[in-house]
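Enquirer: Below: one structure in structure tokens.
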Amino acid sequence: MSLVEVRDIFQSYGQRPILERVNLSVAEGEFVSIVGASGCGKSTFLRLLLDQERPTRGEITVDGEPLKGEPDRTRGIVFQRYSVFPHLTVRDNIVAAEALSRPLGRLFGGVKRAACARAEAALERIGLAHVAQQYPSALSGGMQQRLAIAQALAAKPRILLLDEPFGALDPGTREQMHRFLLDLRAETKMTVFMVTHDLPEAFKLGDRVVVFDKTRWDPHDPAAYGATITYDFDARNGGIPYQLNEDQDGLPDPAPHPVAEAG
Amino acid sequence: MRWINRHPGAAGRLMLAALPFLLVALVYSAASAARLAENPQDRILPSFATLGDTALRLLTEEDRRSGEILFWGDTASSLSLLASGVGIAALLGLCVGLAIGLVPMVRSTFQGFVAVLSMIPPLALLPILFISLGVGDAAKIALIAIGITPFLIRDLSARTLELPQEQLVKAQTLGASTLAIAVSVALPQIMPRLISAVRLSLGPAWLFLIAAEAVASESGLGYRIFLVRRFLAMDVILTYVAWITLLAFLIDWGLARLSRWAYPWAEARA
């Protein structure tokens, strides 16, 4: 039984189609990387999974239940930027994962102390304990994203959505973040969807790599058609089976037509 | 070297900052001296010495009739009116601005209404306020509040709308209700904006206060200025104007300090 079921999703903004006939079935605990050229609806797809937007047609179900029409605690999100709250200290950003679900978004007394202790333990584990009392603006990009992931995980979502979470980081930091994410995933067994522009990253982290692309292409009107899932790779073991079958010397080319900016 | 690349040193900066003040003082004292040389009884441009004497008299001497020092009574009365008016406006602006910025239903209902309201010249409403609320303090507080609330609402709702959508989505994925987002995500981030909006609206607030005091009052800084105008008492007027300027400057500076102290995270982001 799959956890997330996407059936015949169409999404258009006004007259402009973005996604066409997207179907996907993801089992609990799978890590799905989503790649594709710029503007082919990867982030739109993530927003649909998040329930920040409703599809024009089609349905998404989680655990057999259709989505309710707004984001909730079952699906956590990490954006490329603006994911943490700038007015809260690093520790309070983690505490917010528990506090915000209260009526006033605040905890009081013993509950608050317990949450702070848990937050400090979480910061210890991700190596941010020494900056617990600082504000996010004092942190480097990599530390901010680590905090954002820890914050999303502190709410214990069943599904974690990552929208180019490492896109703004330098290669060394990115490498660290990969290890961090793989460790967390081994611990929590969460279902993850990650949009990325970086193909090696997609294959390294994902169990599956799905490619969004346009199957129909009008050279005189590039916006005439929407994108859909054109490939669905098995990426376990670094995508080895696929590479041996189809492409002896490198990574697959996800673009069936000439698009300048692939991946 | 280009002018855009030339920076004054520490001492130079101080000197340049003092320069316009010195120039104004110089021009004034020259003009004053010239008038007094022609007519020692001249009251239009009193000398600095006269101004100093007047200031000392105003600050320390009791009124013969009431036995109180009018200067401090005027100050207390004006400041309490100003604080009440600005306080009410700030509270209203914060609540309504947040609601308009966060809740689409409220936005659709009130955005156009507030835009129209803010076009009403507040001073034109003063007679209505005097008729309906009497000529007491209530009308003056109402004038200040009415005068600056629309600006505060529009500014704060715009600032709330500027909060990154990502943060609001994030808060929802952490289970936050509309109230929790308003109180714990939007409100703390809007507070420094409220302080800077209040700082900007203090100028108009003083304007409305002095205008209202000038029209109908028994005390207050604006009342005193317009009272002594009849006697051409420029020395008193100038002392009061300098005092009002100093008060306004101190309030502005205090608010800036408050913002930096209470919301240190806002500095780094700005």
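The values are calculated or read from the model by the stated rules, or taken from the named source; none is laboratory data. Since we're looking at a predicted model, the values are computed, not measured. No Cβ is skipped: glycine too gets one built from the backbone with ideal geometry, and neighbour counts run over all protein chains shown.
Enquirer: Report those helices (runs of 4 or more DSSP H) wholly inside segment B:81-200 carrying at least 3 residues which are within 23 Å of B:E267 (Cα to Cα).
Expert: Working: elements: B:104-117, B:126-133, B:137-162, B:165-173.
Fully inside segment B:81-200 and qualifying: B:137-162, B:165-173.
Enquirer: Going by the conditions given, is A:L153 part of a strand (DSSP E or B) and surrounded by 17 or more Cβ atoms within 10 Å (Cβ to Cβ)? Write out each step before concluding.
Expert: Details: part of a strand (DSSP E or B): no; surrounded by 17 or more Cβ atoms within 10 Å (Cβ to Cβ): yes.
So A:L153 does not fit the description; no.
Enquirer: Sticking with this one: Among B:A180, B:A262, which is the only one that is in contact (Cβ under 8 Å) with a residue 40 or more places away in the chain and in the same structural domain as B:A124 (by TED's automatic domain parsing)?
Expert: Numbers: B:A180 fails: in contact (Cβ under 8 Å) with a residue 40 or more places away in the chain.
When all the criteria are applied, what remains is B:A262.
Enquirer: Going by the conditions given, is B:S201 over 30 Å from A:G76 (Cβ atoms) and touching a Phe, Trp or Tyr at 6+ places or on another chain (Cβ under 7 Å)?
Expert: Working: over 30 Å from A:G76 (Cβ atoms): yes; touching a Phe, Trp or Tyr at 6+ places or on another chain (Cβ under 7 Å): yes.
Against the criterion (over 30 Å from A:G76 (Cβ atoms) and touching a Phe, Trp or Tyr at 6+ places or on another chain (Cβ under 7 Å)), B:S201 qualifies.
Enquirer: Would you mention how many residues in segment B:1-46 are part of a helix (DSSP H, G or I), surrounded by 11 or more Cβ atoms within 10 Å (Cβ to Cβ) and among the β-branched types (V, I, T)?
Expert: Final tally of qualifying residues: 0.
Enquirer: Hey, A:I94 hits all of (1) farther than 21 Å from A:M177 by Cα; (2) more than 7 Å from every other protein chain (Cβ to nearest Cβ); (3) in a helix (DSSP H, G or I) but one; which does it fall short on?
Expert: Every condition holds for A:I94 apart from (1).
Enquirer: Out of the residues in segment B:215-270 that are away from every other protein chain (no Cβ under 14 Å) and among the basic types (K, R), which is surrounded by the fewest Cβ atoms within 10 Å (Cβ to Cβ)?
Expert: This residue is B:R230.
Enquirer: Which residue is nearest to the other protein chains (Cβ to nearest Cβ), if the candidates are limited to segment B:153-173 and must be farther than 16 Å from B:L91 by Cα and among the acidic types (D, E)?
Expert: Result: B:E166.
Enquirer: Of the residues A:A115, A:A121, which single one is free of Cβ contacts under 8 Å to residues at least 12 places away in the same chain and part of a helix (DSSP H, G or I)? First the steps, then the outcome.
Expert: Numbers: A:A115 fails: free of Cβ contacts under 8 Å to residues at least 12 places away in the same chain.
It is A:A121.
Enquirer: Please state which one of B:G97, B:G134 is farther than 21 Å from B:L209 by Cβ and either outside the structural domain of B:A197 (by TED's automatic domain parsing) or not aromatic (F, W, Y) (or both).
Expert: On the way: B:G134 fails: farther than 21 Å from B:L209 by Cβ.
After applying the criteria, what remains is B:G97.
Enquirer: Can I ask one more? Keeping to segment B:61-80, report how many residues are among the polar types (S, T, N, Q), out of contact with any helix residue (DSSP H, G or I) (no Cβ under 7 Å at 6 or more places or on another chain) and in a helix (DSSP H, G or I). Outline the logic, then answer.
Expert: Of segment B:61-80, the ones among the polar types (S, T, N, Q) are B:66, B:75, B:77-78, B:80.
Retained after the next criterion (residues that are out of contact with any helix residue (DSSP H, G or I) (no Cβ under 7 Å at 6 or more places or on another chain)): B:66, B:77, B:80.
Narrowing the set further to residues that are in a helix (DSSP H, G or I) leaves B:77, B:80.
Matching residues across segment B:61-80 total 2.
Enquirer: Is there a residue being without any contact (Cβ under 8 Å) to a residue 40 or more places away in the chain and of a type in the set (G, A, S) anywhere in segment B:223-236?
Expert: Taking segment B:223-236 first, the residues without any contact (Cβ under 8 Å) to a residue 40 or more places away in the chain are B:225-231.
Remaining after also requiring of a type in the set (G, A, S): none.
No; the residues of segment B:223-236 include none that is without any contact (Cβ under 8 Å) to a residue 40 or more places away in the chain and of a type in the set (G, A, S).
Enquirer: Same structure, new question: Go through segment A:68-83 and count every residue that is surrounded by 20 or more Cβ atoms within 10 Å (Cβ to Cβ) and more than 8 Å from chain B (Cβ to nearest Cβ). Can you show your working first?
Expert: Filtering segment A:68-83 for residues surrounded by 20 or more Cβ atoms within 10 Å (Cβ to Cβ) gives A:71, A:75-79, A:83.
Next cut, more than 8 Å from chain B (Cβ to nearest Cβ) only: A:78.
Qualifying residue count, segment A:68-83: 1.
Enquirer: Going through segment B:174-199 one residue at a time, which ones are aliphatic (A, V, I, L, M) and at the interface with chain A (Cβ under 9 Å from one of its Cβ atoms)? Please lay out each step first, then the result.
Expert: First, pick out the residues of segment B:174-199 that are aliphatic (A, V, I, L, M): B:174, B:176, B:179-183, B:185-187, B:190-191, B:194-195, B:197-198.
Hits for segment B:174-199 are B:L174, B:A176, B:L179, B:A180, B:I181, B:A182, B:V183, B:V185, B:M191.
Yes/no matrix, rows are residues, columns are (1) touching a helix residue (DSSP H, G or I) at 6+ places or on another chain (Cβ under 6 Å); (2) closer than 15 Å to A:A227 by Cα; (3) among the aromatic types (F, W, Y); (4) modelled with pLDDT of 90 or more:
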{"position": "A:Y13", "(1), (2), (3), (4)": "no, yes, yes, no"}
{"position": "A:S33", "(1), (2), (3), (4)": "yes, no, no, yes"}
{"position": "A:K42", "(1), (2), (3), (4)": "no, yes, no, no"}
{"position": "A:L48", "(1), (2), (3), (4)": "no, yes, no, yes"}
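Enquirer: In segment A:140-161, which residues are within 12 Å of chain B (Cβ to nearest Cβ) and more than 17 Å from A:A122 (Cα to Cα)?
Expert: Hits for segment A:140-161 are A:R158, A:I159, A:L160, A:L161.
Enquirer: Next up: In segment A:47-82, what residues are of a type in the set (F, W, Y) and under 13 Å from the mean Cα position of the chain (by Cα)?
Expert: Of segment A:47-82, the ones of a type in the set (F, W, Y) are A:79, A:82.
Matches in segment A:47-82: A:F79 only.
Enquirer: Across segment A:124-136, what is the number of residues that are in contact with a helix residue (DSSP H, G or I) (Cβ under 7 Å, 6 or more places away or on another chain), in a helix (DSSP H, G or I) and at pLDDT 90 or above?
Expert: Summing the residues that are in contact with a helix residue (DSSP H, G or I) (Cβ under 7 Å, 6 or more places away or on another chain), in a helix (DSSP H, G or I) and at pLDDT 90 or above in segment A:124-136 gives 2.
Enquirer: So A:A202 passes all but one of these: (1) part of a loop (DSSP other than H, G, I, E, B); (2) out of contact with any Gly (no Cβ under 7 Å at 6 or more places or on another chain); (3) modelled with pLDDT of 85 or more. Which condition number does it fail?
Expert: (1)
Enquirer: Among the residues of segment A:156-174, is there at least one that is in contact with a Gly (Cβ under 6 Å, 6 or more places away or on another chain), closer than 20 Å to A:L48 by Cα and in a loop (DSSP other than H, G, I, E, B)? Before the answer, list the steps.
Expert: Initially, segment A:156-174 is screened for residues in contact with a Gly (Cβ under 6 Å, 6 or more places away or on another chain), giving A:157, A:160, A:168-169, A:173.
From what is left, the residues that are closer than 20 Å to A:L48 by Cα are A:157, A:160.
Applying the additional criterion that residues be in a loop (DSSP other than H, G, I, E, B) yields A:157.
Checking segment A:156-174: at least one residue is in contact with a Gly (Cβ under 6 Å, 6 or more places away or on another chain), closer than 20 Å to A:L48 by Cα and in a loop (DSSP other than H, G, I, E, B).
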